[in-house]
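Read through the structure below, which is laid out as C-alpha coordinates, and then see the notes.
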Amino acid sequence: CLVTSVLTDSDSFQDVVVKIERPIYHKPFLGGFKNKITGVEFHNAGAQTIPKTQPDKGVQVFCRETQTVYERNKPQQTKNTTSTQMTKVGLYVSSVTDKLISPAKYLTAEEYHKRRLEAVIVLQTYFRRWHAVNVVQNLRELKRLRLAWEAQEELQRKKEKEEKLRREHERRLNPKTKEDFELLYHAVELWRQEETEQINRSLTGAERKAVLCGLLEQEAQLIASIGRQKLNADEENQQKAILRFLDKCAQPKRWKAYDGKITEVDTQYTLRARELFEIYCSISMNGISKDERRDVLLTLRRTVKEHECKLTREIVELIDREVDLMSREVKECNLEGLRKRICTLFLQYTKIPEFNPEVARILKVPPNPLKLYKTISFCQSCKNHLASTEFPVPANSRTIGKCHLCCKLGNEAQQRETFLKYKLILENLRKSEADYQDDAKIAFSIQHQDLQYMVETIWGCQSALSACNDLYDLVMVRWDKQHEWSPWNTILLTEDEADAHLKLCSLEKAYEATFIDGIKDKHIQAKNYFAQFPAMALFLQRTDNQANAN
(Lines give C-alpha, C1' and ligand atoms only; values in the text may rest on other atoms or scores of the structure.)
Protein backbone atom coordinates (compact mmCIF):
# COMPACT_ATOMS: atom_id res chain seq x y z
CA CYS A 1 0.00 0.00 0.00
CA LEU A 2 1.03 3.59 -0.58
CA VAL A 3 -0.23 6.70 1.35
CA THR A 4 -0.42 9.89 -0.68
CA SER A 5 -1.86 13.40 -0.07
CA VAL A 6 -4.62 14.58 -2.38
CA LEU A 7 -5.68 18.22 -2.67
CA THR A 8 -9.41 18.34 -1.88
CA ASP A 9 -10.05 22.07 -1.56
CA SER A 10 -8.02 25.11 -2.24
CA ASP A 11 -6.04 24.76 0.96
CA SER A 12 -6.76 21.36 2.42
CA PHE A 13 -5.15 18.00 1.73
CA GLN A 14 -6.41 14.52 2.49
CA ASP A 15 -4.35 11.36 2.91
CA VAL A 16 -5.48 8.58 0.63
CA VAL A 17 -4.32 4.96 0.82
CA VAL A 18 -3.51 3.63 -2.65
CA LYS A 19 -3.29 -0.13 -3.08
CA ILE A 20 -0.74 -1.25 -5.62
CA GLU A 21 -1.40 -4.56 -7.28
CA ARG A 22 1.55 -6.25 -8.90
CA PRO A 23 0.59 -7.39 -12.36
CA ILE A 24 0.46 -11.14 -12.78
CA TYR A 25 0.36 -10.78 -16.54
CA HIS A 26 2.50 -9.11 -19.15
CA LYS A 27 1.15 -5.67 -20.03
CA PRO A 28 0.95 -5.06 -23.76
CA PHE A 29 3.23 -2.42 -25.20
CA LEU A 30 1.04 0.34 -26.64
CA GLY A 31 3.84 2.52 -28.02
CA GLY A 32 6.36 4.91 -26.55
CA PHE A 33 9.94 6.19 -26.78
CA LYS A 34 13.21 6.05 -24.85
CA ASN A 35 15.60 8.82 -23.84
CA LYS A 36 19.02 7.89 -25.20
CA ILE A 37 20.88 10.01 -22.65
CA THR A 38 19.08 9.00 -19.43
CA GLY A 39 17.71 5.67 -20.59
CA VAL A 40 14.21 6.46 -19.24
CA GLU A 41 11.35 4.85 -21.14
CA PHE A 42 8.08 6.74 -21.73
CA HIS A 43 4.95 4.87 -22.72
CA ASN A 44 2.17 6.44 -24.72
CA ALA A 45 -0.45 4.48 -22.84
CA GLY A 46 -0.75 1.90 -20.14
CA ALA A 47 -3.44 0.01 -18.31
CA GLN A 48 -3.55 -1.24 -14.75
CA THR A 49 -6.91 -2.92 -15.02
CA ILE A 50 -6.88 -6.69 -15.22
CA PRO A 51 -8.50 -7.70 -18.51
CA LYS A 52 -11.94 -9.11 -18.19
CA THR A 53 -12.16 -12.82 -18.68
CA GLN A 54 -14.77 -14.06 -21.11
CA PRO A 55 -17.18 -16.62 -19.68
CA ASP A 56 -17.10 -20.10 -21.12
CA LYS A 57 -20.16 -20.49 -23.37
CA GLY A 58 -19.61 -24.21 -23.92
CA VAL A 59 -19.12 -23.62 -27.64
CA GLN A 60 -15.78 -23.74 -29.44
CA VAL A 61 -15.24 -20.27 -30.86
CA PHE A 62 -11.66 -20.43 -32.16
CA CYS A 63 -11.38 -23.13 -34.84
CA ARG A 64 -10.03 -23.55 -38.34
CA GLU A 65 -13.45 -23.26 -39.98
CA THR A 66 -14.15 -19.82 -38.46
CA GLN A 67 -10.70 -18.53 -39.44
CA THR A 68 -10.61 -19.87 -43.01
CA VAL A 69 -11.61 -17.63 -45.89
CA TYR A 70 -13.23 -19.29 -48.88
CA GLU A 71 -12.86 -17.37 -52.12
CA ARG A 72 -15.15 -17.65 -55.08
CA ASN A 73 -14.49 -16.31 -58.56
CA LYS A 74 -17.41 -15.09 -60.66
CA PRO A 75 -16.86 -13.43 -64.01
CA GLN A 76 -18.72 -10.20 -64.69
CA GLN A 77 -18.99 -8.02 -67.77
CA THR A 78 -19.08 -4.30 -67.15
CA LYS A 79 -20.71 -1.83 -69.43
CA ASN A 80 -18.48 0.14 -71.79
CA THR A 81 -20.14 3.12 -73.44
CA THR A 82 -18.81 3.80 -76.96
CA SER A 83 -19.85 5.95 -79.86
CA THR A 84 -19.42 5.94 -83.60
CA GLN A 85 -19.37 8.78 -86.07
CA MET A 86 -20.71 8.44 -89.63
CA THR A 87 -20.53 10.85 -92.56
CA LYS A 88 -23.51 13.04 -93.27
CA VAL A 89 -24.34 16.29 -94.83
CA GLY A 90 -22.05 18.88 -93.40
CA LEU A 91 -19.62 16.33 -91.80
CA TYR A 92 -16.54 14.82 -93.46
CA VAL A 93 -14.80 11.76 -91.99
CA SER A 94 -11.45 10.77 -93.51
CA SER A 95 -11.22 7.21 -94.92
CA VAL A 96 -7.41 7.12 -95.39
CA THR A 97 -6.87 4.61 -92.62
CA ASP A 98 -9.80 2.43 -93.51
CA LYS A 99 -9.20 -1.13 -94.70
CA LEU A 100 -11.14 -3.00 -97.24
CA ILE A 101 -11.80 -6.54 -96.01
CA SER A 102 -13.09 -9.13 -98.38
CA PRO A 103 -14.32 -12.54 -97.21
CA ALA A 104 -11.79 -15.42 -97.56
CA LYS A 105 -12.44 -19.02 -98.43
CA TYR A 106 -14.57 -20.79 -95.89
CA LEU A 107 -12.55 -23.16 -93.71
CA THR A 108 -14.34 -26.28 -92.55
CA ALA A 109 -13.61 -28.00 -89.24
CA GLU A 110 -12.01 -30.96 -90.99
CA GLU A 111 -9.66 -28.69 -92.94
CA TYR A 112 -8.83 -26.75 -89.73
CA HIS A 113 -7.91 -29.87 -87.77
CA LYS A 114 -5.91 -31.18 -90.73
CA ARG A 115 -3.85 -27.97 -90.82
CA ARG A 116 -3.33 -28.17 -87.06
CA LEU A 117 -2.15 -31.77 -87.42
CA GLU A 118 0.35 -30.80 -90.11
CA ALA A 119 1.69 -28.04 -87.86
CA VAL A 120 1.97 -30.50 -84.96
CA ILE A 121 3.87 -32.95 -87.20
CA VAL A 122 6.31 -30.20 -88.15
CA LEU A 123 6.86 -29.33 -84.49
CA GLN A 124 7.34 -32.99 -83.61
CA THR A 125 9.83 -33.37 -86.43
CA TYR A 126 11.98 -30.53 -85.15
CA PHE A 127 11.68 -31.72 -81.56
CA ARG A 128 12.65 -35.28 -82.46
CA ARG A 129 15.61 -34.02 -84.42
CA TRP A 130 16.71 -31.93 -81.43
CA HIS A 131 16.22 -34.90 -79.09
CA ALA A 132 18.13 -37.25 -81.44
CA VAL A 133 21.03 -34.80 -81.63
CA ASN A 134 21.19 -34.67 -77.82
CA VAL A 135 21.05 -38.47 -77.55
CA VAL A 136 23.83 -38.86 -80.12
CA GLN A 137 25.96 -36.27 -78.34
CA ASN A 138 25.43 -38.04 -75.02
CA LEU A 139 26.33 -41.38 -76.58
CA ARG A 140 29.39 -39.83 -78.17
CA GLU A 141 30.43 -38.38 -74.80
CA LEU A 142 29.86 -41.71 -73.06
CA LYS A 143 31.89 -43.45 -75.75
CA ARG A 144 34.70 -40.95 -75.31
CA LEU A 145 34.68 -41.43 -71.54
CA ARG A 146 34.58 -45.21 -71.96
CA LEU A 147 37.49 -45.21 -74.38
CA ALA A 148 39.45 -42.88 -72.10
CA TRP A 149 38.72 -45.16 -69.14
CA GLU A 150 39.76 -48.24 -71.10
CA ALA A 151 42.95 -46.54 -72.22
CA GLN A 152 43.68 -45.50 -68.65
CA GLU A 153 42.98 -49.03 -67.38
CA GLU A 154 45.17 -50.50 -70.11
CA LEU A 155 47.94 -48.05 -69.22
CA GLN A 156 47.50 -48.90 -65.54
CA ARG A 157 47.70 -52.63 -66.26
CA LYS A 158 50.77 -52.06 -68.39
CA LYS A 159 52.42 -50.07 -65.62
CA GLU A 160 51.51 -52.72 -63.06
CA LYS A 161 52.94 -55.43 -65.28
CA GLU A 162 56.13 -53.45 -65.82
CA GLU A 163 56.35 -52.77 -62.10
CA LYS A 164 55.83 -56.47 -61.40
CA LEU A 165 58.57 -57.42 -63.84
CA ARG A 166 60.84 -54.77 -62.34
CA ARG A 167 60.21 -56.05 -58.82
CA GLU A 168 60.82 -59.63 -59.92
CA HIS A 169 64.05 -58.58 -61.62
CA GLU A 170 65.05 -56.67 -58.50
CA ARG A 171 64.23 -59.68 -56.34
CA ARG A 172 66.45 -61.86 -58.47
CA LEU A 173 69.31 -59.37 -58.36
CA ASN A 174 69.02 -58.63 -54.63
CA PRO A 175 67.19 -61.53 -52.99
CA LYS A 176 66.11 -60.96 -49.40
CA THR A 177 63.32 -63.41 -48.52
CA LYS A 178 62.69 -67.14 -48.89
CA GLU A 179 60.40 -66.50 -51.86
CA ASP A 180 63.17 -64.56 -53.62
CA PHE A 181 65.57 -67.49 -53.33
CA GLU A 182 62.83 -69.86 -54.50
CA LEU A 183 62.59 -67.77 -57.67
CA LEU A 184 66.37 -67.98 -58.15
CA TYR A 185 66.49 -71.75 -57.71
CA HIS A 186 63.48 -72.12 -60.01
CA ALA A 187 65.18 -69.98 -62.67
CA VAL A 188 68.34 -72.09 -62.38
CA GLU A 189 66.28 -75.27 -62.79
CA LEU A 190 64.50 -73.91 -65.89
CA TRP A 191 67.84 -72.87 -67.36
CA ARG A 192 69.32 -76.33 -66.66
CA GLN A 193 66.37 -78.11 -68.28
CA GLU A 194 66.53 -75.94 -71.41
CA GLU A 195 70.28 -76.43 -71.76
CA THR A 196 69.95 -80.17 -71.19
CA GLU A 197 67.24 -80.51 -73.84
CA GLN A 198 69.30 -78.53 -76.33
CA ILE A 199 72.40 -80.64 -75.64
CA ASN A 200 70.44 -83.89 -75.99
CA ARG A 201 69.01 -82.77 -79.31
CA SER A 202 72.25 -81.58 -80.86
CA LEU A 203 75.03 -83.78 -79.38
CA THR A 204 75.70 -87.46 -78.76
CA GLY A 205 78.39 -89.68 -77.31
CA ALA A 206 81.49 -88.39 -75.53
CA GLU A 207 80.97 -84.82 -76.70
CA ARG A 208 77.53 -84.78 -75.08
CA LYS A 209 78.97 -86.03 -71.78
CA ALA A 210 81.69 -83.38 -71.83
CA VAL A 211 79.19 -80.59 -72.44
CA LEU A 212 76.95 -81.96 -69.67
CA CYS A 213 79.91 -81.91 -67.28
CA GLY A 214 80.53 -78.26 -68.18
CA LEU A 215 76.85 -77.56 -67.60
CA LEU A 216 77.09 -79.23 -64.19
CA GLU A 217 80.03 -77.00 -63.25
CA GLN A 218 78.11 -73.90 -64.31
CA GLU A 219 75.13 -75.03 -62.26
CA ALA A 220 77.39 -75.58 -59.23
CA GLN A 221 78.83 -72.08 -59.62
CA LEU A 222 75.35 -70.55 -59.82
CA ILE A 223 74.22 -72.45 -56.72
CA ALA A 224 77.36 -71.34 -54.86
CA SER A 225 76.68 -67.73 -55.84
CA ILE A 226 73.10 -68.05 -54.62
CA GLY A 227 74.44 -69.52 -51.37
CA ARG A 228 76.73 -66.54 -50.80
CA GLN A 229 73.83 -64.15 -51.42
CA LYS A 230 71.76 -66.20 -49.02
CA LEU A 231 74.34 -65.86 -46.26
CA ASN A 232 74.42 -62.08 -46.67
CA ALA A 233 70.66 -61.88 -46.71
CA ASP A 234 70.38 -64.11 -43.63
CA GLU A 235 72.77 -61.86 -41.73
CA GLU A 236 70.83 -58.74 -42.67
CA ASN A 237 67.47 -60.38 -41.96
CA GLN A 238 68.72 -61.62 -38.61
CA GLN A 239 69.67 -58.09 -37.55
CA LYS A 240 66.25 -56.80 -38.66
CA ALA A 241 64.54 -59.63 -36.76
CA ILE A 242 66.45 -58.71 -33.60
CA LEU A 243 65.39 -55.08 -33.88
CA ARG A 244 61.75 -56.09 -34.52
CA PHE A 245 61.88 -58.41 -31.50
CA LEU A 246 63.22 -55.74 -29.15
CA ASP A 247 60.85 -53.11 -30.55
CA LYS A 248 57.90 -55.45 -29.99
CA CYS A 249 58.94 -55.85 -26.35
CA ALA A 250 59.12 -52.07 -25.93
CA GLN A 251 55.67 -51.37 -27.36
CA PRO A 252 53.13 -49.96 -24.83
CA LYS A 253 49.92 -51.77 -23.94
CA ARG A 254 47.13 -50.86 -26.35
CA TRP A 255 43.38 -51.39 -26.31
CA LYS A 256 40.40 -49.86 -28.06
CA ALA A 257 37.91 -47.89 -25.98
CA TYR A 258 34.15 -47.84 -26.45
CA ASP A 259 34.41 -44.69 -28.60
CA GLY A 260 36.91 -46.29 -30.98
CA LYS A 261 39.98 -44.43 -29.71
CA ILE A 262 43.20 -46.32 -29.01
CA THR A 263 44.52 -46.05 -25.46
CA GLU A 264 48.24 -46.63 -24.80
CA VAL A 265 49.75 -47.27 -21.39
CA ASP A 266 53.41 -47.84 -20.50
CA THR A 267 54.16 -50.23 -17.67
CA GLN A 268 57.38 -50.61 -15.74
CA TYR A 269 58.20 -53.68 -17.84
CA THR A 270 57.69 -51.90 -21.19
CA LEU A 271 59.80 -48.96 -19.98
CA ARG A 272 62.54 -51.38 -19.00
CA ALA A 273 62.34 -53.10 -22.40
CA ARG A 274 62.47 -49.72 -24.17
CA GLU A 275 65.58 -48.75 -22.21
CA LEU A 276 67.33 -51.99 -23.19
CA PHE A 277 66.24 -51.53 -26.82
CA GLU A 278 67.74 -48.04 -26.96
CA ILE A 279 71.00 -49.30 -25.40
CA TYR A 280 71.23 -52.13 -27.96
CA CYS A 281 70.67 -49.69 -30.84
CA SER A 282 73.41 -47.46 -29.41
CA ILE A 283 76.05 -50.19 -28.98
CA SER A 284 75.34 -51.63 -32.46
CA MET A 285 75.67 -48.21 -34.13
CA ASN A 286 78.71 -47.58 -36.33
CA GLY A 287 80.47 -44.34 -37.22
CA ILE A 288 80.23 -42.59 -33.83
CA SER A 289 83.08 -40.78 -32.10
CA LYS A 290 85.18 -42.29 -29.30
CA ASP A 291 83.65 -40.06 -26.63
CA GLU A 292 80.13 -41.07 -27.66
CA ARG A 293 81.17 -44.72 -27.76
CA ARG A 294 82.68 -44.42 -24.29
CA ASP A 295 79.46 -42.87 -22.92
CA VAL A 296 77.41 -45.70 -24.45
CA LEU A 297 79.70 -48.31 -22.86
CA LEU A 298 79.46 -46.64 -19.47
CA THR A 299 75.65 -46.60 -19.73
CA LEU A 300 75.70 -50.28 -20.67
CA ARG A 301 78.02 -51.03 -17.72
CA ARG A 302 75.69 -49.32 -15.23
CA THR A 303 72.72 -51.21 -16.65
CA VAL A 304 74.19 -54.70 -16.48
CA LYS A 305 75.80 -54.07 -13.06
CA GLU A 306 72.30 -54.03 -11.58
CA HIS A 307 72.34 -57.85 -11.71
CA GLU A 308 75.24 -60.03 -10.67
CA CYS A 309 75.77 -63.23 -12.68
CA LYS A 310 78.28 -64.88 -14.97
CA LEU A 311 76.81 -63.20 -18.09
CA THR A 312 76.94 -59.69 -16.63
CA ARG A 313 80.51 -60.20 -15.35
CA GLU A 314 81.57 -61.26 -18.84
CA ILE A 315 79.89 -58.21 -20.40
CA VAL A 316 81.59 -55.90 -17.89
CA GLU A 317 84.94 -57.51 -18.63
CA LEU A 318 84.51 -56.98 -22.39
CA ILE A 319 83.46 -53.36 -21.81
CA ASP A 320 86.60 -52.70 -19.76
CA ARG A 321 88.71 -54.33 -22.44
CA GLU A 322 87.25 -52.16 -25.21
CA VAL A 323 87.68 -48.98 -23.16
CA ASP A 324 91.29 -49.91 -22.50
CA LEU A 325 91.96 -50.62 -26.19
CA MET A 326 90.31 -47.37 -27.21
CA SER A 327 92.56 -45.46 -24.78
CA ARG A 328 95.55 -47.06 -26.51
CA GLU A 329 94.40 -45.73 -29.90
CA VAL A 330 93.62 -49.14 -31.40
CA LYS A 331 92.02 -48.95 -34.84
CA GLU A 332 88.28 -49.48 -35.05
CA CYS A 333 88.64 -52.25 -37.64
CA ASN A 334 90.48 -54.29 -34.99
CA LEU A 335 87.64 -53.74 -32.50
CA GLU A 336 84.84 -55.10 -34.66
CA GLY A 337 85.04 -58.63 -33.25
CA LEU A 338 85.02 -57.38 -29.68
CA ARG A 339 82.03 -55.13 -30.34
CA LYS A 340 80.09 -57.96 -31.96
CA ARG A 341 80.71 -60.10 -28.87
CA ILE A 342 79.39 -57.32 -26.65
CA CYS A 343 76.26 -56.99 -28.81
CA THR A 344 75.71 -60.76 -28.79
CA LEU A 345 76.07 -61.07 -25.03
CA PHE A 346 73.85 -58.06 -24.39
CA LEU A 347 71.21 -59.57 -26.70
CA GLN A 348 71.32 -62.70 -24.53
CA TYR A 349 70.94 -60.43 -21.52
CA THR A 350 67.78 -58.84 -22.98
CA LYS A 351 66.23 -62.27 -23.66
CA ILE A 352 66.37 -63.35 -20.01
CA PRO A 353 63.00 -62.73 -18.26
CA GLU A 354 64.72 -61.93 -14.94
CA PHE A 355 66.45 -58.96 -16.54
CA ASN A 356 63.73 -58.07 -19.07
CA PRO A 357 60.32 -59.28 -17.78
CA GLU A 358 58.44 -58.17 -20.91
CA VAL A 359 60.36 -60.67 -23.06
CA ALA A 360 58.63 -63.63 -21.37
CA ARG A 361 55.46 -62.77 -23.30
CA ILE A 362 57.17 -63.03 -26.71
CA LEU A 363 59.72 -65.85 -26.34
CA LYS A 364 58.86 -68.95 -28.35
CA VAL A 365 60.10 -71.21 -25.56
CA PRO A 366 58.07 -70.48 -22.39
CA PRO A 367 59.75 -70.60 -18.99
CA ASN A 368 57.65 -73.65 -18.06
CA PRO A 369 58.61 -76.58 -20.38
CA LEU A 370 55.43 -78.49 -19.42
CA LYS A 371 53.46 -76.22 -21.75
CA LEU A 372 55.36 -77.59 -24.75
CA TYR A 373 54.34 -81.24 -24.45
CA LYS A 374 51.14 -80.92 -26.46
CA THR A 375 52.52 -78.54 -29.11
CA ILE A 376 55.83 -80.25 -29.99
CA SER A 377 56.28 -82.67 -32.91
CA PHE A 378 59.22 -84.69 -34.17
CA CYS A 379 60.65 -84.05 -37.65
CA GLN A 380 61.50 -87.32 -39.41
CA SER A 381 64.13 -85.64 -41.58
CA CYS A 382 66.27 -83.41 -39.35
CA LYS A 383 65.44 -85.44 -36.18
CA ASN A 384 64.54 -82.30 -34.22
CA HIS A 385 61.63 -81.62 -31.89
CA LEU A 386 59.90 -78.46 -33.15
CA ALA A 387 56.70 -76.55 -32.50
CA SER A 388 53.64 -77.70 -34.42
CA THR A 389 53.58 -74.40 -36.31
CA GLU A 390 56.88 -75.37 -37.97
CA PHE A 391 55.25 -78.21 -39.92
CA PRO A 392 53.17 -77.89 -43.12
CA VAL A 393 49.84 -79.69 -42.75
CA PRO A 394 48.04 -79.93 -46.12
CA ALA A 395 44.57 -81.43 -46.35
CA ASN A 396 45.84 -84.79 -47.68
CA SER A 397 48.34 -85.31 -44.85
CA ARG A 398 47.62 -88.05 -42.33
CA THR A 399 50.80 -87.82 -40.24
CA ILE A 400 53.32 -85.13 -39.30
CA GLY A 401 56.13 -85.31 -41.86
CA LYS A 402 58.98 -82.92 -42.57
CA CYS A 403 59.28 -79.46 -41.11
CA HIS A 404 59.25 -76.29 -43.19
CA LEU A 405 63.05 -76.06 -43.24
CA CYS A 406 63.53 -79.65 -44.46
CA CYS A 407 60.86 -79.19 -47.12
CA LYS A 408 62.59 -76.01 -48.29
CA LEU A 409 65.99 -77.74 -48.45
CA GLY A 410 64.51 -80.70 -50.32
CA ASN A 411 62.84 -78.37 -52.82
CA GLU A 412 66.09 -76.43 -53.39
CA ALA A 413 68.06 -79.65 -53.94
CA GLN A 414 65.60 -81.58 -56.13
CA GLN A 415 62.40 -80.09 -57.57
CA ARG A 416 63.30 -76.37 -57.25
CA GLU A 417 59.66 -75.35 -57.61
CA THR A 418 58.35 -71.91 -56.73
CA PHE A 419 55.16 -71.60 -54.71
CA LEU A 420 55.01 -67.80 -54.65
CA LYS A 421 52.12 -67.61 -57.12
CA TYR A 422 49.99 -70.05 -55.16
CA LYS A 423 50.82 -68.32 -51.89
CA LEU A 424 49.65 -65.01 -53.37
CA ILE A 425 46.38 -66.59 -54.55
CA LEU A 426 45.84 -68.10 -51.09
CA GLU A 427 46.64 -64.81 -49.38
CA ASN A 428 44.15 -62.90 -51.56
CA LEU A 429 41.54 -65.59 -50.95
CA ARG A 430 41.91 -65.34 -47.17
CA LYS A 431 41.70 -61.54 -47.28
CA SER A 432 38.48 -61.65 -49.31
CA GLU A 433 36.97 -64.27 -46.98
CA ALA A 434 37.86 -62.20 -43.92
CA ASP A 435 35.99 -59.23 -45.42
CA TYR A 436 32.72 -61.23 -45.50
CA GLN A 437 32.83 -61.63 -41.68
CA ASP A 438 30.64 -64.76 -41.79
CA ASP A 439 32.95 -67.06 -39.79
CA ALA A 440 34.51 -68.74 -42.84
CA LYS A 441 36.92 -71.54 -41.90
CA ILE A 442 37.78 -73.65 -44.94
CA ALA A 443 39.91 -70.98 -46.62
CA PHE A 444 42.07 -70.77 -43.49
CA SER A 445 42.40 -74.56 -43.18
CA ILE A 446 43.87 -75.39 -46.58
CA GLN A 447 47.54 -74.86 -47.44
CA HIS A 448 49.20 -73.71 -50.64
CA GLN A 449 49.82 -77.35 -51.63
CA ASP A 450 46.05 -77.93 -51.73
CA LEU A 451 45.52 -74.75 -53.70
CA GLN A 452 48.26 -75.79 -56.13
CA TYR A 453 46.44 -79.07 -56.81
CA MET A 454 43.17 -77.23 -57.43
CA VAL A 455 44.72 -74.66 -59.77
CA GLU A 456 46.81 -77.12 -61.78
CA THR A 457 44.64 -80.25 -61.87
CA ILE A 458 41.05 -79.02 -61.63
CA TRP A 459 41.15 -75.56 -63.20
CA GLY A 460 44.06 -76.11 -65.61
CA CYS A 461 46.01 -72.98 -64.53
CA GLN A 462 43.69 -70.66 -66.45
CA SER A 463 40.69 -68.43 -65.96
CA ALA A 464 37.31 -70.09 -66.38
CA LEU A 465 36.06 -67.17 -68.51
CA SER A 466 38.95 -65.73 -70.53
CA ALA A 467 41.43 -68.67 -70.31
CA CYS A 468 44.11 -66.26 -69.01
CA ASN A 469 47.06 -68.37 -67.78
CA ASP A 470 49.07 -65.72 -65.93
CA LEU A 471 48.82 -66.90 -62.32
CA TYR A 472 49.87 -63.50 -61.00
CA ASP A 473 46.58 -62.06 -62.38
CA LEU A 474 44.32 -64.90 -61.21
CA VAL A 475 42.30 -65.01 -57.99
CA MET A 476 39.88 -67.49 -56.44
CA VAL A 477 36.49 -66.21 -55.30
CA ARG A 478 33.17 -67.70 -54.28
CA TRP A 479 31.02 -69.17 -57.02
CA ASP A 480 27.88 -68.48 -54.96
CA LYS A 481 28.65 -65.53 -52.71
CA GLN A 482 25.79 -66.41 -50.36
CA HIS A 483 27.67 -69.48 -49.11
CA GLU A 484 31.11 -69.96 -47.55
CA TRP A 485 34.08 -70.48 -49.86
CA SER A 486 35.11 -74.07 -50.35
CA PRO A 487 36.85 -76.11 -53.09
CA TRP A 488 33.32 -77.02 -54.29
CA ASN A 489 32.10 -73.41 -54.20
CA THR A 490 34.81 -71.50 -56.06
CA ILE A 491 35.84 -70.22 -59.46
CA LEU A 492 39.22 -69.15 -60.83
CA LEU A 493 39.07 -65.75 -62.57
CA THR A 494 41.17 -62.68 -63.23
CA GLU A 495 40.85 -59.74 -60.86
CA ASP A 496 38.54 -57.75 -63.17
CA GLU A 497 36.40 -60.80 -63.89
CA ALA A 498 36.18 -61.58 -60.18
CA ASP A 499 34.96 -58.05 -59.38
CA ALA A 500 32.26 -58.33 -62.04
CA HIS A 501 31.32 -61.87 -60.91
CA LEU A 502 30.77 -60.83 -57.29
CA LYS A 503 28.37 -58.07 -58.41
CA LEU A 504 26.02 -60.54 -60.09
CA CYS A 505 22.61 -61.13 -58.52
CA SER A 506 21.65 -64.27 -60.44
CA LEU A 507 24.19 -66.73 -61.85
CA GLU A 508 21.56 -68.46 -64.04
CA LYS A 509 20.74 -65.19 -65.83
CA ALA A 510 24.36 -64.09 -66.23
CA TYR A 511 25.91 -67.35 -67.51
CA GLU A 512 24.82 -69.91 -70.04
CA ALA A 513 23.72 -73.36 -68.94
CA THR A 514 26.72 -75.07 -70.56
CA PHE A 515 29.15 -72.83 -68.67
CA ILE A 516 27.36 -73.49 -65.35
CA ASP A 517 27.45 -77.25 -66.01
CA GLY A 518 31.21 -77.07 -66.63
CA ILE A 519 31.77 -75.23 -63.35
CA LYS A 520 29.66 -77.77 -61.47
CA ASP A 521 31.72 -80.60 -62.98
CA LYS A 522 34.86 -79.00 -61.55
CA HIS A 523 33.13 -78.69 -58.18
CA ILE A 524 32.33 -82.42 -58.28
CA GLN A 525 36.01 -83.19 -59.00
CA ALA A 526 37.02 -81.10 -55.98
CA LYS A 527 34.46 -82.88 -53.79
CA ASN A 528 35.71 -86.30 -54.85
CA TYR A 529 39.32 -85.32 -54.12
CA PHE A 530 38.84 -83.60 -50.75
CA ALA A 531 36.27 -86.11 -49.49
CA GLN A 532 39.15 -88.59 -49.01
CA PHE A 533 40.59 -86.53 -46.14
CA PRO A 534 38.89 -86.55 -42.72
CA ALA A 535 39.47 -82.86 -42.01
CA MET A 536 37.74 -81.76 -45.23
CA ALA A 537 35.08 -84.48 -45.08
CA LEU A 538 33.57 -82.76 -42.03
CA PHE A 539 33.21 -79.48 -43.93
CA LEU A 540 31.76 -81.33 -46.92
CA GLN A 541 29.18 -83.09 -44.73
CA ARG A 542 28.17 -79.80 -43.14
CA THR A 543 27.75 -78.19 -46.58
CA ASP A 544 25.57 -81.07 -47.77
CA ASN A 545 23.38 -80.80 -44.67
CA GLN A 546 22.88 -77.08 -45.26
CA ALA A 547 21.99 -77.72 -48.93
CA ASN A 548 19.44 -80.39 -47.94
CA ALA A 549 17.92 -78.09 -45.33
CA ASN A 550 17.52 -75.32 -47.91
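The values are calculated or read from the model by the stated rules, or taken from the named source; none is laboratory data. On a predicted model such as this, the values are computed, not experimentally measured, just so you know. When we count neighbours, we look across all protein chains shown, and the Cβ atoms used for this are built from the backbone with ideal geometry, even at glycine. Side chains included, ligands, DNA and RNA excluded: accessible areas come from the protein's heavy atoms. Shrake-Rupley method; radii C 1.70, N 1.55, O 1.52, S 1.80 Å.
Centroid-to-centroid, using Cα positions, region 251-322 and region 433-498 are 47 Å apart. The C-alpha radius of gyration of region 231-330, expressed as a fraction of 2.2 N^0.38 Å, stands at 1.39. The lysines within cross-link reach of residue 27, meaning a Cα-to-Cα straight distance under 30 Å and a gap of 8 or more places when in the same chain, are 19, 36, 52, 57.
Counted residue by residue at 0.36 nm each, then reduced by the alpha carbon distance between them, the extension gain from residue 86 to residue 202 reaches 28.8 nm.
Remark: relative contact order (the chain) = 7 percent; criterion is Cα-Cα distance under 8 angstrom and separation of 6 or more residues. Among 33, 515, the order of accessible area from largest down is 33, 515, computed with a 1.4 Å probe on protein heavy atoms.
Might you tell me the accessible area per residue for the chain, computed with a 1.4 Å probe and given in Å²?
Values: 41570 Å² over 550 residues.
Value for the chain: 76 Å² per residue.
Each of 184, 356, 541 was placed along the dipole of the chain (beta-carbon charges, centred on the mean Cα), and the one lying farthest toward the positive end is 541. In this structure, the amide hydrogen of residue 490, modeled 1.01 Å from its nitrogen in the peptide plane, lies closer than 5 angstrom to those of 479, counting only residues at least 5 positions away or on a different chain.
Long hydrophobic helices in the chain, taken as whole DSSP H segments with a C-alpha length of 15 Å or more on their own axis and mean Kyte-Doolittle hydropathy at least 1.0, are absent. Region 94-133 and region 160-234 have Cα centres lying 91 Å from one another.
Note on the chain: Cα convex hull, mean projected area over all directions, 86.7 nm².
Residue 244 sits with roughly 150 Å² accessible to a 1.4 Å probe, with DNA, RNA and ligands left out of the calculation.
Calculate I(q)/I(0) for region 456-550 by the Debye formula, one identical point scatterer on each C-alpha and no solvent, and give its log10 at q = 0.23 Å⁻¹ to two decimals. With no solvent term, the Cα-only Debye profile gives -1.33.
Restricting region 216-270 to chymotrypsin sites (Phe, Trp or Tyr not before Pro) that sit in a DSSP loop and have at most 11 other Cβ atoms within 10 Å of their own Cβ leaves 258.
With only Cα atoms counted, region 178-248 has Rg and Dmax values of 18.2, 62 Å.
Based on the mean of other beta carbon atoms within 10 Å per residue, what is the order of 154-166, 489-501, 285-297, most packed first?
Those peptides, ordered most packed to least, come out 489-501, 285-297, 154-166.
What number, rounded to the nearest 500 deg cm²/dmol, is the helix-based mean residue ellipticity at 222 nm of the chain, given -39500 (n - 2.57) per DSSP H run of at least four residues and division by all its residues? Calculated at 222 nm, the ellipticity per residue is -17500 deg cm²/dmol. When only Cα pairs below 8 angstrom with a gap of at least 6 residues are kept, region 400-550 shows a relative contact order of 17 percent. The candidates 78, 125, 108, arranged from most to least accessible area with a 1.4 Å probe in the full protein assembly, appear as 78, 125, 108. For region 81-171, what D do you get in µm² per second when you plug the Kirkwood radius from alpha-carbon pairs into Stokes-Einstein at 10 °C and 1.306 mPa s? Estimated via Stokes-Einstein, D reaches 72 µm²/s.
Rounded to the nearest 10 square angstrom, residue 38 shows an accessible area of 90 square angstrom against a 1.4 Å probe. As a fraction of the 1.4 Å probe accessible area of the chain, surface on carbon and sulfur atoms comes out at 54 percent.
Computed on region 416-501, with alpha-carbon pairs under 8 angstrom and 6+ residues apart, the relative contact order is 28 percent. In plain terms, the bigger the Kirkwood radius, the slower the diffusion; for region 156-297, with that radius from Cα pairs, at 37 °C and 0.692 mPa s, Stokes-Einstein puts D at 159 µm²/s.
The residue among 384, 304, 84 whose Cα reaches farthest toward the positive pole of the charge dipole of the chain, with charges on the beta-carbon of Lys, Arg, Asp and Glu, is 84.
To the nearest 20 debye, what charge dipole does the chain have about its Cα centre, counting +1 at the Cβ of each Lys and Arg and -1 at the Cβ of each Asp and Glu? Could you put the intermediate results ahead of the total?
Values: 86 positive and 78 negative charges, 280 e Å.
Charge dipole, the chain, about its Cα centre: 1340 debye, nearest 20.
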